[in-house]
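Okay, so here's the structure we're looking at.
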Amino acid sequence: MNLKNQLAMAVVLVGFGGVSASGQVFGSGPSDSALFTNGVFNVPSDTPPPAVGNLQQLNVMDGGVVGDRLEAGSGAEVNISGGSIGERFDALPGSEVNISGGSVGDLFGAISGSQVNISGGSVGGLFYIDSGAEVNISGGTIGDVIFAAPNSMTNIFGTSFTLGGSEVTGLTEGVAFTVTDRDVTLAGFFADGTAFAFDLDETDDGGDDLSGRGDVFRNFSIVTITLLPELVTLPGDYNGNGVVDAADYTVWQDAFGSMEDLAADGNGNGAVDAADYTVWQDNFGSTNLEGASMVVIPEPSSLALLGLGVTVAGLRPRTRKAG
């Protein structure tokens, strides 16, 4: 089972899923753009809106830049797979934010009634989780300080956990376990393999700035951990469906030249380039689907590759203007 399917199963067991004021039911990730009848904004192609309203969707992709003080209102969805959103971004009641790449600046707020799903990218500085807000973290890099208010919910999905330096044992895969300990450090590895460490302190030990401050998880804030099995990475499987096929070539082609959208960075050098095409080509036909053994189909013939429209020699990485 790939990471996306594991998380889909796990979040159902944890029970997250928000309902906006307009009655729209959000899932565990980006929704079909056709649902957002009041407007879809794809940045950088479109000019970023100052706010995202009911039945509006904002998609921030590689190279996209959204300024400070963005607000996502009730019935809105914001999907960040690349680019950046500035400081003081607020997810207001009834909104959903999905972060799989890119970055969100300092003072990001998940306000009561909102849902934030983080599977990649980075959240910087202070991340505030309000009472009644729900945050689900399966990957990425979380900022310097998390402040979780009473009656907030933070669900963490990972492959291993320690509490106060001791391994958390006895967990059942896919079943959420509520952590009631405070004034200890919860650490481990997110589902995407990124290491994390959160201080489950009940009180704020810092001053007006972030220096010297630790995370704060107030009394009655809810923290759960859900154990997921470690994934066996299949080289060239850029869409994570367990098979290296033509669809993975499309993922590579769409991201070619990117240094932010790295789903197709097969050799892990921090950029999607021609070498990642070679990784895909060398593993074409491989599979790690459940119930199937790893098999390698002979490399596609030149005619088959031409049928896919592969033209590696003439490709050049995308560049962005300075400033």
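Derivation of every value follows stated rules applied to the coordinates shown; laboratory data play no part. The shown structure was predicted, so the numbers you read here are calculated from the model rather than taken from an experiment. Heads up, the Cβs are rebuilt from the backbone with ideal geometry, glycines too, and the neighbour counts pull from every protein chain shown.
Annotations for the structure displayed:
- Ordering of 103-113, 264-274 by packing is 103-113, 264-274, highest average first (other Cβ atoms within 10 Å, averaged per residue).
- Between N267 and any residue 5 or more places off or on another chain, the built amide H atoms are never under 5 Å apart.
- Computing Rg and the Kirkwood Rh from the Cα coordinates of the stretch 63-138 gives a ratio, Rg/Rh, of 0.92.
- Mean-position separation - Cα centroids, the stretch 109-155 and the stretch 31-54, in angstrom: 22
- FRET efficiency for T203 and T233, using Cβ-Cβ distance with R0 set to 41 Å, rounded to 0.05: 0.50
- Derived scalar couplings ³J(HN,Hα) [the stretch 62-70; Karplus, 6.51 cos²θ - 1.76 cosθ + 1.60; whole Hz; x for Gly, Pro]: 3, x, x, 10, 10, x, 6, 6, 5
- The local environment of G164, defined by Cβ-Cβ distances under 13 Å, has a net charge of -4 under the rule Lys, Arg +1 and Asp, Glu -1.
- Values of log10 I(q)/I(0), in the order q = 0.14, 0.15 Å⁻¹, for the stretch 111-180 under a Debye, Cα-only, solvent-free model: -0.48, -0.56
- Sparse packing (at most 16 other Cβ atoms within 10 Å of the Cβ) combined with a DSSP loop state is found for the following GluC sites (Glu not before Pro) in the stretch 103-198: E173.
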